[in-house]
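Here the structure comes first, spelled out in C-alpha coordinates, and everything after it is commentary.
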Amino acid sequence: MQTRRTILKSLAAGGALLGTPVLRSAFAAEDADVVLRLVAGPAMLPIRAGPATRGLRYTGEVLQGRSDALRPSRGTFGPTLELRRGERVRIEVVNQMREPTVIHWHGMIVPDAADGHPHQAVGPGGRYTVEFAVRNPAGTYLYHPHPYALTGAQTYHGLGGLIVVREAAERGIGLPESDHEVELVLQDRRIGADNQLVYKRMMMMDDMNGVLGDQVLVNGLADAAFRVAPRPYRLRIANMSNARIYKLAWSDERPFRVIGSDGGLFSRAEGVQERPYVTLFPFERVEVIEDFGARRDGAEIALISRQFSSADGMMGSMMSSMGSSGESGRRGMGGMTGGGGMMGGMMAGMMGGAAQGQELLIARFAVSPGSRQRARTLVLPEAGTPVPSGRHELRTQLAFQMMGGGLLNGRRFDPWDMTAVAEDERLPLGETSVWTFVNDGPGMAMSHPIHIHGTHFRVIERSRGASAELREGLIDTGYKDVVGIFAGEQVRVQLAPSIGGLFMYHCHNLEHEDGGMMRNVVFGSVAGNNRLG
Ligand code: C2O
Ligand code: CU
Ligand code: CU
(Lines give C-alpha, C1' and ligand atoms only; values in the text may rest on other atoms or scores of the structure.)
(Ligands and ions follow the chains in the order given, each with its own letter.)
Protein backbone atom coordinates (compact mmCIF):
# COMPACT_ATOMS: atom_id res chain seq x y z
CA MET A 1 0.00 0.00 0.00
CA GLN A 2 1.05 3.59 0.05
CA THR A 3 3.53 5.14 2.42
CA ARG A 4 4.21 8.75 3.13
CA ARG A 5 7.19 8.64 0.76
CA THR A 6 5.23 7.38 -2.21
CA ILE A 7 2.57 9.95 -1.46
CA LEU A 8 5.05 12.79 -1.44
CA LYS A 9 6.54 11.39 -4.62
CA SER A 10 3.20 11.23 -6.35
CA LEU A 11 2.31 14.71 -5.19
CA ALA A 12 5.58 15.92 -6.60
CA ALA A 13 4.73 14.09 -9.80
CA GLY A 14 1.40 15.86 -10.02
CA GLY A 15 3.18 19.16 -9.67
CA ALA A 16 5.88 18.28 -12.14
CA LEU A 17 3.33 17.51 -14.80
CA LEU A 18 1.96 20.97 -14.59
CA GLY A 19 5.30 22.66 -14.32
CA THR A 20 6.05 24.77 -11.32
CA PRO A 21 4.56 28.08 -12.46
CA VAL A 22 0.94 26.97 -12.13
CA LEU A 23 1.17 25.46 -8.69
CA ARG A 24 3.77 27.54 -6.98
CA SER A 25 3.94 30.95 -8.59
CA ALA A 26 2.38 33.55 -6.39
CA PHE A 27 1.59 36.62 -8.37
CA ALA A 28 3.00 39.69 -6.71
CA ALA A 29 0.61 41.95 -4.82
CA GLU A 30 0.41 44.35 -7.72
CA ASP A 31 -0.46 41.46 -10.09
CA ALA A 32 -3.65 40.46 -8.30
CA ASP A 33 -6.75 42.11 -9.73
CA VAL A 34 -8.70 41.62 -6.55
CA VAL A 35 -7.44 41.12 -3.01
CA LEU A 36 -10.00 40.08 -0.40
CA ARG A 37 -10.04 39.13 3.24
CA LEU A 38 -12.59 36.72 4.65
CA VAL A 39 -12.91 36.25 8.39
CA ALA A 40 -14.65 33.25 9.96
CA GLY A 41 -15.87 34.15 13.41
CA PRO A 42 -18.62 33.92 16.00
CA ALA A 43 -21.63 36.14 15.40
CA MET A 44 -25.09 36.89 16.72
CA LEU A 45 -27.38 36.21 13.78
CA PRO A 46 -30.79 37.90 13.37
CA ILE A 47 -32.27 34.76 11.78
CA ARG A 48 -35.85 35.51 12.79
CA ALA A 49 -37.89 37.77 15.08
CA GLY A 50 -36.93 37.54 18.73
CA PRO A 51 -33.54 36.96 20.32
CA ALA A 52 -30.53 36.75 18.02
CA THR A 53 -29.09 33.33 17.30
CA ARG A 54 -25.57 32.42 18.41
CA GLY A 55 -23.77 31.22 15.34
CA LEU A 56 -20.88 31.74 12.97
CA ARG A 57 -20.49 34.06 10.05
CA TYR A 58 -18.06 34.99 7.32
CA THR A 59 -17.39 38.69 7.08
CA GLY A 60 -15.17 40.20 4.46
CA GLU A 61 -13.55 43.24 2.94
CA VAL A 62 -11.95 44.23 -0.32
CA LEU A 63 -8.32 45.10 0.32
CA GLN A 64 -7.45 45.94 -3.26
CA GLY A 65 -9.20 46.15 -6.61
CA ARG A 66 -12.89 46.46 -7.50
CA SER A 67 -14.91 47.44 -4.45
CA ASP A 68 -17.86 45.46 -5.84
CA ALA A 69 -15.95 42.18 -5.67
CA LEU A 70 -17.74 41.56 -2.35
CA ARG A 71 -21.44 42.12 -1.94
CA PRO A 72 -22.99 41.78 1.53
CA SER A 73 -25.68 39.11 1.61
CA ARG A 74 -29.20 40.32 2.32
CA GLY A 75 -29.50 37.83 5.14
CA THR A 76 -27.08 36.53 7.75
CA PHE A 77 -25.04 34.62 5.20
CA GLY A 78 -21.45 35.34 4.16
CA PRO A 79 -20.85 38.05 1.54
CA THR A 80 -21.20 37.06 -2.12
CA LEU A 81 -17.93 37.04 -4.04
CA GLU A 82 -18.52 38.66 -7.43
CA LEU A 83 -15.66 37.51 -9.64
CA ARG A 84 -14.95 37.95 -13.32
CA ARG A 85 -13.63 35.21 -15.51
CA GLY A 86 -9.92 35.63 -16.10
CA GLU A 87 -9.37 37.78 -13.03
CA ARG A 88 -6.52 37.01 -10.64
CA VAL A 89 -7.75 36.77 -7.09
CA ARG A 90 -5.94 36.66 -3.77
CA ILE A 91 -7.88 35.91 -0.61
CA GLU A 92 -6.64 36.08 2.94
CA VAL A 93 -8.57 33.76 5.24
CA VAL A 94 -8.61 34.55 8.96
CA ASN A 95 -9.82 32.10 11.61
CA GLN A 96 -11.32 33.88 14.61
CA MET A 97 -13.03 30.78 15.94
CA ARG A 98 -12.01 28.38 18.67
CA GLU A 99 -11.51 25.46 16.34
CA PRO A 100 -9.68 24.75 13.08
CA THR A 101 -11.14 25.80 9.77
CA VAL A 102 -10.33 26.19 6.09
CA ILE A 103 -12.37 27.53 3.17
CA HIS A 104 -13.12 25.41 0.12
CA TRP A 105 -14.14 27.20 -3.12
CA HIS A 106 -16.76 24.70 -4.16
CA GLY A 107 -17.01 24.25 -7.92
CA MET A 108 -14.09 26.58 -8.64
CA ILE A 109 -11.25 25.08 -10.66
CA VAL A 110 -8.28 26.24 -8.61
CA PRO A 111 -4.78 24.82 -7.95
CA ASP A 112 -4.73 22.26 -5.16
CA ALA A 113 -2.66 24.61 -3.00
CA ALA A 114 -5.71 26.91 -2.92
CA ASP A 115 -8.44 24.26 -2.80
CA GLY A 116 -9.18 24.29 0.93
CA HIS A 117 -8.47 20.62 1.58
CA PRO A 118 -8.83 19.57 5.27
CA HIS A 119 -5.05 19.18 5.55
CA GLN A 120 -4.79 22.94 4.91
CA ALA A 121 -6.93 23.90 7.93
CA VAL A 122 -5.52 26.48 10.33
CA GLY A 123 -6.15 26.61 14.07
CA PRO A 124 -7.73 29.35 16.19
CA GLY A 125 -6.17 32.71 15.40
CA GLY A 126 -4.55 31.29 12.28
CA ARG A 127 -4.56 32.84 8.83
CA TYR A 128 -3.43 31.90 5.34
CA THR A 129 -3.58 33.28 1.83
CA VAL A 130 -4.68 31.62 -1.39
CA GLU A 131 -4.35 32.76 -4.97
CA PHE A 132 -6.06 31.65 -8.11
CA ALA A 133 -7.09 32.83 -11.51
CA VAL A 134 -10.81 32.60 -12.23
CA ARG A 135 -10.99 29.87 -14.89
CA ASN A 136 -14.65 28.99 -14.38
CA PRO A 137 -17.32 30.07 -16.80
CA ALA A 138 -20.06 32.41 -15.61
CA GLY A 139 -22.09 30.60 -13.00
CA THR A 140 -23.07 30.16 -9.38
CA TYR A 141 -20.48 28.60 -7.11
CA LEU A 142 -20.04 28.37 -3.34
CA TYR A 143 -17.54 28.72 -0.56
CA HIS A 144 -17.82 26.85 2.70
CA PRO A 145 -15.73 25.42 5.56
CA HIS A 146 -13.94 22.11 4.99
CA PRO A 147 -12.01 21.15 8.17
CA TYR A 148 -11.93 17.45 8.93
CA ALA A 149 -15.00 16.30 10.92
CA LEU A 150 -16.19 19.88 11.57
CA THR A 151 -17.64 20.84 8.20
CA GLY A 152 -21.22 19.94 9.12
CA ALA A 153 -21.30 21.86 12.40
CA GLN A 154 -19.56 24.97 11.04
CA THR A 155 -21.81 25.14 7.97
CA TYR A 156 -24.92 24.51 10.05
CA HIS A 157 -24.04 27.36 12.39
CA GLY A 158 -23.79 29.83 9.54
CA LEU A 159 -20.50 29.64 7.63
CA GLY A 160 -20.99 29.75 3.89
CA GLY A 161 -21.30 32.08 0.94
CA LEU A 162 -21.92 32.31 -2.78
CA ILE A 163 -19.45 32.96 -5.57
CA VAL A 164 -20.94 34.50 -8.69
CA VAL A 165 -18.66 34.39 -11.72
CA ARG A 166 -19.54 36.78 -14.53
CA GLU A 167 -18.13 37.11 -18.01
CA ALA A 168 -18.61 39.27 -21.07
CA ALA A 169 -20.21 36.40 -22.99
CA GLU A 170 -23.29 36.66 -20.74
CA ARG A 171 -24.16 40.10 -22.06
CA GLY A 172 -26.58 40.55 -24.91
CA ILE A 173 -27.85 36.97 -24.92
CA GLY A 174 -31.22 37.80 -23.36
CA LEU A 175 -30.50 37.20 -19.66
CA PRO A 176 -32.07 39.55 -17.09
CA GLU A 177 -29.53 42.14 -15.88
CA SER A 178 -27.87 41.70 -12.50
CA ASP A 179 -30.41 44.03 -10.81
CA HIS A 180 -33.03 41.43 -11.69
CA GLU A 181 -31.30 38.48 -10.15
CA VAL A 182 -32.32 36.82 -6.92
CA GLU A 183 -29.99 34.59 -4.92
CA LEU A 184 -31.68 31.84 -2.96
CA VAL A 185 -29.40 29.85 -0.69
CA LEU A 186 -31.50 27.13 0.94
CA GLN A 187 -30.67 25.64 4.33
CA ASP A 188 -32.97 23.74 6.65
CA ARG A 189 -32.51 24.22 10.37
CA ARG A 190 -33.88 23.12 13.71
CA ILE A 191 -34.40 26.24 15.77
CA GLY A 192 -35.44 26.02 19.41
CA ALA A 193 -38.04 28.23 21.12
CA ASP A 194 -35.12 30.33 22.40
CA ASN A 195 -34.14 30.96 18.75
CA GLN A 196 -30.97 28.91 19.15
CA LEU A 197 -29.82 26.38 16.56
CA VAL A 198 -30.05 22.73 17.46
CA TYR A 199 -27.40 20.67 15.69
CA LYS A 200 -27.07 16.97 16.47
CA ARG A 201 -29.62 15.75 18.93
CA MET A 202 -29.73 12.00 18.49
CA MET A 203 -26.19 11.30 17.41
CA MET A 204 -26.80 8.00 15.72
CA MET A 205 -29.81 9.16 13.71
CA ASP A 206 -28.20 12.46 12.78
CA ASP A 207 -24.92 10.89 11.71
CA MET A 208 -26.87 8.45 9.60
CA ASN A 209 -29.48 10.65 7.93
CA GLY A 210 -27.53 13.88 8.16
CA VAL A 211 -28.96 16.76 10.16
CA LEU A 212 -32.40 17.77 8.93
CA GLY A 213 -34.40 20.79 10.06
CA ASP A 214 -38.05 21.73 9.92
CA GLN A 215 -37.55 25.33 8.85
CA VAL A 216 -35.90 26.54 5.65
CA LEU A 217 -33.66 29.58 5.86
CA VAL A 218 -33.08 31.55 2.67
CA ASN A 219 -29.75 33.39 2.67
CA GLY A 220 -29.66 32.77 6.42
CA LEU A 221 -33.09 34.22 7.20
CA ALA A 222 -36.31 32.53 8.27
CA ASP A 223 -39.68 33.34 6.67
CA ALA A 224 -38.11 34.72 3.51
CA ALA A 225 -40.34 36.99 1.42
CA PHE A 226 -39.49 38.78 -1.83
CA ARG A 227 -41.28 41.56 -3.66
CA VAL A 228 -40.72 41.24 -7.39
CA ALA A 229 -41.61 43.27 -10.47
CA PRO A 230 -43.83 41.74 -13.17
CA ARG A 231 -40.93 40.75 -15.39
CA PRO A 232 -38.39 37.94 -15.85
CA TYR A 233 -35.76 37.32 -13.18
CA ARG A 234 -32.66 35.18 -13.08
CA LEU A 235 -32.82 33.03 -9.95
CA ARG A 236 -29.64 31.47 -8.63
CA ILE A 237 -30.74 28.65 -6.37
CA ALA A 238 -28.19 26.83 -4.21
CA ASN A 239 -28.89 24.01 -1.80
CA MET A 240 -26.43 24.53 1.07
CA SER A 241 -28.28 22.26 3.47
CA ASN A 242 -26.36 19.63 5.40
CA ALA A 243 -28.51 16.74 4.14
CA ARG A 244 -31.87 17.97 2.82
CA ILE A 245 -33.01 17.06 -0.70
CA TYR A 246 -35.49 19.59 -2.14
CA LYS A 247 -38.26 18.90 -4.60
CA LEU A 248 -38.62 22.56 -5.63
CA ALA A 249 -41.98 23.63 -6.97
CA TRP A 250 -44.12 26.76 -7.34
CA SER A 251 -47.37 26.84 -5.42
CA ASP A 252 -49.17 27.83 -8.65
CA GLU A 253 -47.62 24.81 -10.38
CA ARG A 254 -45.90 26.72 -13.14
CA PRO A 255 -42.93 24.76 -14.49
CA PHE A 256 -39.30 25.80 -14.05
CA ARG A 257 -37.19 26.96 -16.97
CA VAL A 258 -33.70 25.87 -15.94
CA ILE A 259 -30.88 27.56 -17.86
CA GLY A 260 -27.86 26.29 -15.99
CA SER A 261 -26.56 24.04 -13.24
CA ASP A 262 -23.44 23.66 -11.08
CA GLY A 263 -20.94 24.56 -13.78
CA GLY A 264 -22.75 27.49 -15.42
CA LEU A 265 -25.14 27.99 -18.31
CA PHE A 266 -26.25 25.13 -20.53
CA SER A 267 -25.03 25.17 -24.09
CA ARG A 268 -27.29 26.06 -27.00
CA ALA A 269 -27.46 22.40 -27.98
CA GLU A 270 -28.55 21.39 -24.47
CA GLY A 271 -31.11 24.18 -24.36
CA VAL A 272 -33.42 25.39 -21.62
CA GLN A 273 -34.66 22.49 -19.49
CA GLU A 274 -38.31 22.81 -18.59
CA ARG A 275 -39.36 20.79 -15.55
CA PRO A 276 -42.52 20.54 -13.41
CA TYR A 277 -40.25 20.54 -10.36
CA VAL A 278 -36.52 20.56 -9.69
CA THR A 279 -34.73 18.01 -7.52
CA LEU A 280 -31.82 19.59 -5.70
CA PHE A 281 -29.37 17.57 -3.62
CA PRO A 282 -27.05 19.21 -1.05
CA PHE A 283 -24.69 21.72 -2.70
CA GLU A 284 -26.20 21.42 -6.16
CA ARG A 285 -27.15 24.70 -7.86
CA VAL A 286 -29.54 25.64 -10.63
CA GLU A 287 -30.11 28.87 -12.49
CA VAL A 288 -33.70 29.52 -13.49
CA ILE A 289 -35.44 32.17 -15.58
CA GLU A 290 -38.65 32.96 -13.77
CA ASP A 291 -41.13 35.25 -15.48
CA PHE A 292 -43.11 36.94 -12.72
CA GLY A 293 -44.75 38.98 -15.48
CA ALA A 294 -46.71 35.86 -16.38
CA ARG A 295 -48.58 36.19 -13.08
CA ARG A 296 -51.39 38.62 -12.36
CA ASP A 297 -50.70 41.85 -10.46
CA GLY A 298 -50.50 41.33 -6.74
CA ALA A 299 -50.12 37.57 -7.11
CA GLU A 300 -48.60 35.79 -4.12
CA ILE A 301 -46.78 32.61 -4.91
CA ALA A 302 -44.66 30.37 -2.78
CA LEU A 303 -41.56 28.39 -3.54
CA ILE A 304 -42.00 25.10 -1.73
CA SER A 305 -40.39 21.72 -1.40
CA ARG A 306 -42.97 19.11 -2.28
CA GLN A 307 -43.53 15.97 -0.34
CA PHE A 308 -41.89 12.79 -1.59
CA SER A 309 -41.34 9.42 -0.04
CA SER A 310 -37.77 8.61 0.71
CA ALA A 311 -36.31 5.18 1.22
CA ASP A 312 -33.39 6.79 3.02
CA GLY A 313 -32.29 6.07 6.50
CA MET A 314 -33.16 3.67 9.20
CA MET A 315 -36.91 3.52 8.79
CA GLY A 316 -36.66 3.21 5.04
CA SER A 317 -34.22 0.31 5.29
CA MET A 318 -36.15 -1.36 8.05
CA MET A 319 -39.31 -1.15 6.07
CA SER A 320 -37.75 -2.57 2.97
CA SER A 321 -36.21 -5.39 4.97
CA MET A 322 -39.67 -6.07 6.38
CA GLY A 323 -40.76 -6.62 2.82
CA SER A 324 -42.90 -3.52 2.54
CA SER A 325 -40.61 -1.71 0.15
CA GLY A 326 -41.96 0.47 -2.60
CA GLU A 327 -44.78 2.94 -2.76
CA SER A 328 -47.61 0.58 -1.94
CA GLY A 329 -45.97 -0.60 1.24
CA ARG A 330 -45.41 2.92 2.42
CA ARG A 331 -48.90 4.05 1.58
CA GLY A 332 -50.22 1.04 3.37
CA MET A 333 -48.54 2.29 6.53
CA GLY A 334 -50.50 5.50 6.62
CA GLY A 335 -48.92 7.56 3.89
CA MET A 336 -49.88 10.80 5.58
CA THR A 337 -46.62 12.08 6.91
CA GLY A 338 -44.45 11.91 3.84
CA GLY A 339 -40.77 11.01 3.96
CA GLY A 340 -40.25 7.54 5.29
CA GLY A 341 -43.96 7.08 5.89
CA MET A 342 -45.60 7.18 9.28
CA MET A 343 -42.64 5.69 11.10
CA GLY A 344 -40.19 8.10 9.52
CA GLY A 345 -42.46 10.97 10.43
CA MET A 346 -42.68 9.79 14.02
CA MET A 347 -38.92 9.46 14.28
CA ALA A 348 -38.48 12.92 12.83
CA GLY A 349 -41.06 14.30 15.24
CA MET A 350 -39.15 12.83 18.16
CA MET A 351 -35.98 14.43 16.87
CA GLY A 352 -37.57 17.82 16.33
CA GLY A 353 -36.80 17.93 12.63
CA ALA A 354 -38.78 17.27 9.49
CA ALA A 355 -38.20 13.96 7.76
CA GLN A 356 -36.50 13.81 4.39
CA GLY A 357 -39.30 14.32 1.86
CA GLN A 358 -41.64 16.31 4.06
CA GLU A 359 -43.36 19.30 2.45
CA LEU A 360 -41.71 22.61 3.39
CA LEU A 361 -42.31 26.27 2.67
CA ILE A 362 -39.18 27.96 1.31
CA ALA A 363 -40.04 31.56 0.36
CA ARG A 364 -42.93 33.77 -0.66
CA PHE A 365 -42.92 36.02 -3.71
CA ALA A 366 -45.34 38.93 -4.11
CA VAL A 367 -45.65 40.37 -7.61
CA SER A 368 -46.01 44.12 -7.36
CA PRO A 369 -48.24 45.81 -9.92
CA GLY A 370 -46.44 47.75 -12.63
CA SER A 371 -45.64 47.82 -16.28
CA ARG A 372 -44.89 44.38 -17.59
CA GLN A 373 -41.67 43.58 -19.29
CA ARG A 374 -41.78 40.66 -21.66
CA ALA A 375 -39.28 37.82 -21.54
CA ARG A 376 -36.53 38.17 -24.13
CA THR A 377 -35.41 35.32 -26.33
CA LEU A 378 -32.50 33.63 -24.67
CA VAL A 379 -29.54 32.61 -26.80
CA LEU A 380 -27.47 30.17 -24.78
CA PRO A 381 -23.72 30.02 -25.49
CA GLU A 382 -22.18 27.56 -27.94
CA ALA A 383 -20.60 24.47 -26.40
CA GLY A 384 -16.84 24.57 -25.84
CA THR A 385 -14.35 22.53 -27.81
CA PRO A 386 -14.38 18.85 -26.87
CA VAL A 387 -11.43 17.31 -25.04
CA PRO A 388 -9.78 14.22 -26.58
CA SER A 389 -11.25 11.03 -25.18
CA GLY A 390 -9.10 8.74 -23.08
CA ARG A 391 -9.55 5.19 -21.88
CA HIS A 392 -9.17 5.62 -18.14
CA GLU A 393 -12.00 4.44 -15.90
CA LEU A 394 -12.65 4.55 -12.18
CA ARG A 395 -15.36 2.68 -10.34
CA THR A 396 -16.51 3.52 -6.83
CA GLN A 397 -19.02 1.59 -4.80
CA LEU A 398 -21.00 3.58 -2.24
CA ALA A 399 -22.04 1.94 1.01
CA PHE A 400 -23.38 3.10 4.33
CA GLN A 401 -23.15 1.05 7.49
CA MET A 402 -25.25 1.73 10.54
CA MET A 403 -22.27 1.67 12.88
CA GLY A 404 -19.41 2.35 10.50
CA GLY A 405 -20.82 5.21 8.40
CA GLY A 406 -20.19 5.83 4.73
CA LEU A 407 -17.63 3.98 2.65
CA LEU A 408 -16.18 4.50 -0.82
CA ASN A 409 -15.01 1.14 -2.17
CA GLY A 410 -14.93 0.00 1.45
CA ARG A 411 -12.55 2.78 2.43
CA ARG A 412 -12.82 6.04 4.30
CA PHE A 413 -10.78 9.22 4.72
CA ASP A 414 -7.68 8.79 6.88
CA PRO A 415 -7.49 11.71 9.34
CA TRP A 416 -3.99 10.61 10.39
CA ASP A 417 -2.64 10.75 6.89
CA MET A 418 -4.82 13.33 5.16
CA THR A 419 -2.87 13.47 1.92
CA ALA A 420 -2.66 9.71 1.39
CA VAL A 421 -3.70 8.61 -2.09
CA ALA A 422 -4.33 5.05 -3.12
CA GLU A 423 -2.83 3.74 -6.35
CA ASP A 424 -6.27 3.40 -7.90
CA GLU A 425 -7.52 6.90 -7.11
CA ARG A 426 -5.84 8.80 -9.93
CA LEU A 427 -6.90 10.22 -13.25
CA PRO A 428 -4.99 11.67 -16.18
CA LEU A 429 -5.13 15.33 -17.24
CA GLY A 430 -6.29 16.69 -20.55
CA GLU A 431 -8.34 13.71 -21.71
CA THR A 432 -11.73 12.35 -20.73
CA SER A 433 -12.14 9.56 -18.21
CA VAL A 434 -15.29 7.82 -17.07
CA TRP A 435 -16.05 7.47 -13.37
CA THR A 436 -18.81 5.06 -12.38
CA PHE A 437 -20.52 5.34 -8.99
CA VAL A 438 -22.61 2.37 -7.89
CA ASN A 439 -24.78 2.85 -4.84
CA ASP A 440 -25.26 -0.80 -3.99
CA GLY A 441 -22.76 -1.49 -1.23
CA PRO A 442 -23.61 -3.58 1.81
CA GLY A 443 -25.50 -1.73 4.53
CA MET A 444 -28.29 0.77 4.48
CA ALA A 445 -30.16 1.96 1.42
CA MET A 446 -29.49 5.70 1.20
CA SER A 447 -28.98 8.31 -1.47
CA HIS A 448 -25.63 10.10 -1.54
CA PRO A 449 -24.79 13.41 -3.26
CA ILE A 450 -21.31 12.76 -4.66
CA HIS A 451 -18.98 15.72 -5.23
CA ILE A 452 -15.59 15.90 -6.95
CA HIS A 453 -13.16 18.75 -6.28
CA GLY A 454 -11.05 20.47 -8.91
CA THR A 455 -13.04 19.49 -11.99
CA HIS A 456 -16.48 19.50 -13.53
CA PHE A 457 -18.12 16.46 -15.01
CA ARG A 458 -21.03 15.45 -17.18
CA VAL A 459 -23.56 12.81 -16.25
CA ILE A 460 -23.51 10.39 -19.17
CA GLU A 461 -25.66 7.60 -17.77
CA ARG A 462 -28.05 7.02 -14.89
CA SER A 463 -29.61 3.62 -14.29
CA ARG A 464 -33.25 3.36 -13.31
CA GLY A 465 -33.14 3.34 -9.53
CA ALA A 466 -35.62 3.88 -6.74
CA SER A 467 -36.22 7.53 -7.51
CA ALA A 468 -39.56 7.63 -9.33
CA GLU A 469 -40.87 10.58 -7.33
CA LEU A 470 -37.79 12.73 -7.91
CA ARG A 471 -36.52 11.58 -11.28
CA GLU A 472 -38.33 14.08 -13.48
CA GLY A 473 -36.75 16.96 -11.56
CA LEU A 474 -33.14 15.75 -11.80
CA ILE A 475 -30.97 18.14 -13.76
CA ASP A 476 -28.35 15.88 -15.30
CA THR A 477 -27.64 18.44 -18.02
CA GLY A 478 -24.54 20.57 -18.41
CA TYR A 479 -21.43 20.64 -16.27
CA LYS A 480 -21.89 19.39 -12.73
CA ASP A 481 -19.79 19.04 -9.61
CA VAL A 482 -22.36 17.25 -7.43
CA VAL A 483 -24.60 14.40 -8.53
CA GLY A 484 -27.24 12.77 -6.36
CA ILE A 485 -27.19 8.99 -6.52
CA PHE A 486 -30.21 7.13 -5.21
CA ALA A 487 -30.02 3.81 -3.40
CA GLY A 488 -29.50 1.03 -5.91
CA GLU A 489 -28.54 3.40 -8.70
CA GLN A 490 -25.52 3.48 -10.93
CA VAL A 491 -24.40 6.84 -12.32
CA ARG A 492 -21.56 7.28 -14.81
CA VAL A 493 -19.90 10.64 -15.25
CA GLN A 494 -17.36 11.82 -17.77
CA LEU A 495 -14.65 14.21 -16.66
CA ALA A 496 -11.50 15.75 -18.09
CA PRO A 497 -9.53 17.37 -15.27
CA SER A 498 -7.56 20.36 -16.52
CA ILE A 499 -5.55 21.16 -13.41
CA GLY A 500 -3.26 18.67 -11.72
CA GLY A 501 -2.71 17.89 -8.08
CA LEU A 502 -4.29 16.45 -4.95
CA PHE A 503 -8.06 16.85 -4.83
CA MET A 504 -10.90 14.99 -3.17
CA TYR A 505 -14.21 13.34 -3.83
CA HIS A 506 -16.81 12.71 -1.19
CA CYS A 507 -20.41 12.45 -0.20
CA HIS A 508 -21.74 16.00 0.25
CA ASN A 509 -24.20 15.00 2.93
CA LEU A 510 -22.12 16.91 5.48
CA GLU A 511 -22.57 14.38 8.27
CA HIS A 512 -21.51 11.57 5.93
CA GLU A 513 -18.51 13.64 4.81
CA ASP A 514 -17.53 14.41 8.41
CA GLY A 515 -17.89 10.71 9.19
CA GLY A 516 -15.19 9.97 6.62
CA MET A 517 -17.15 9.22 3.42
CA MET A 518 -14.43 11.12 1.62
CA ARG A 519 -11.25 10.20 -0.28
CA ASN A 520 -8.37 11.85 -2.04
CA VAL A 521 -7.91 11.68 -5.79
CA VAL A 522 -4.92 12.83 -7.80
CA PHE A 523 -5.30 14.38 -11.22
CA GLY A 524 -2.34 14.22 -13.54
CA SER A 525 -0.81 11.01 -12.32
CA VAL A 526 -2.17 7.61 -13.18
CA ALA A 527 -1.53 4.24 -11.56
CA GLY A 528 1.32 2.44 -13.29
CA ASN A 529 2.34 5.72 -14.82
CA ASN A 530 3.03 7.75 -11.73
CA ARG A 531 6.81 7.82 -11.76
CA LEU A 532 6.98 11.07 -13.68
CA GLY A 533 9.44 13.66 -12.46
CU1 C2O B 1 -18.40 21.51 -1.21
CU2 C2O B 1 -15.35 19.00 -0.53
O3 C2O B 1 -16.86 20.23 -0.80
CU1 CU C 1 -15.75 21.11 -3.84
CU1 CU D 1 -23.75 10.07 1.86
| said: In whole Hz and in residue order, list the ³J(HN,Hα) couplings for region 193-200 that follow from phi through the Karplus curve 6.51 cos²θ - 1.76 cosθ + 1.60, θ = phi - 60°; x for Gly and Pro. | reply: 4, 7, 6, 9, 6, 10, 8, 6
| task | Tell me which residues come under 5 Å, amide H to amide H, from Thr396 once H is placed; ignore anything under 5 positions away on its chain. | result | Thr436, Phe437, Val438
| query | From the phi of every residue in region 238-253, what ³J(HN,Hα) in whole Hz does the Karplus formula 6.51 cos²θ - 1.76 cosθ + 1.60 yield, where θ is phi - 60° and glycine or proline is x? | reply | 10, 8, 10, 7, 4, 8, 6, 9, 9, 10, 5, 8, 8, 4, 8, 6
| field | Placed amide H near Leu56: partners under 5 Å, 5+ positions off or other chain | value | Ala43, Gly158, Leu159
| message | When only alpha-carbon atoms are used, what values of Rg and Dmax, in angstrom, describe region 72-148? | response | 12.7, 36
| said: Show me the ranking of peptides 356-362, 499-505 by mean Cβ neighbours inside 10 Å, starting with the highest. | reply: 499-505, 356-362
| request: Note the per residue figure in Å³ for the convex hull of the C-alpha positions in region 145-236. | output: 143
| From the backbone phi of region 35-40, what are the Karplus-calculated ³J(HN,Hα) couplings (6.51 cos²θ - 1.76 cosθ + 1.60, θ = phi - 60°) in whole Hz, Gly and Pro given as x? | 10, 10, 10, 10, 10, 9
| Which percentage, to the nearest 5, of the DSSP beta bridges contained in region 77-202 is antiparallel? | 80
| query | What ranking do 107-116, 420-429 get when scored by the average of other Cβ atoms within 10 Å per residue, highest first? | reply | 107-116, 420-429
| Within the accessible area of region 84-238, what % is carbon and sulfur when the probe is 1.4 Å and the other protein chains stay in place? | 50
| query | In terms of modelled amide H atoms, which long-range or inter-chain residues lie less than 5 Å from the amide H of Glu181? | reply | Arg234
| task | Tell me, rounded to the nearest percent, the portion of alpha carbon pairs in region 397-533 spaced more than 25 Å apart. | result | 25
| request: Roll a 1.4 angstrom probe over the protein heavy atoms and tell me the percent of accessible area of region 411-501 that is carbon or sulfur. | output: 51
| Sum of side-chain charges, Pro72 neighbourhood, beta-carbon under 13 Å (Lys, Arg +1; Asp, Glu -1) | -1
| request: Whole number in Å², please: accessible area per residue of region 181-295, 1.4 Å probe, ligands, DNA and RNA not counted. | output: 28
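The values are calculated or read from the model by the stated rules, or taken from the named source; none is laboratory data. Quantities reported herein were computed from a predicted structural model and do not represent experimental measurements. All Cβ positions, even for glycine, are placed from backbone atoms using ideal geometry, and neighbour counts span all protein chains on display. These accessible areas exclude ligands, DNA and RNA; they are computed on the full protein's heavy atoms, side chains included. Shrake-Rupley method; radii C 1.70, N 1.55, O 1.52, S 1.80 Å.
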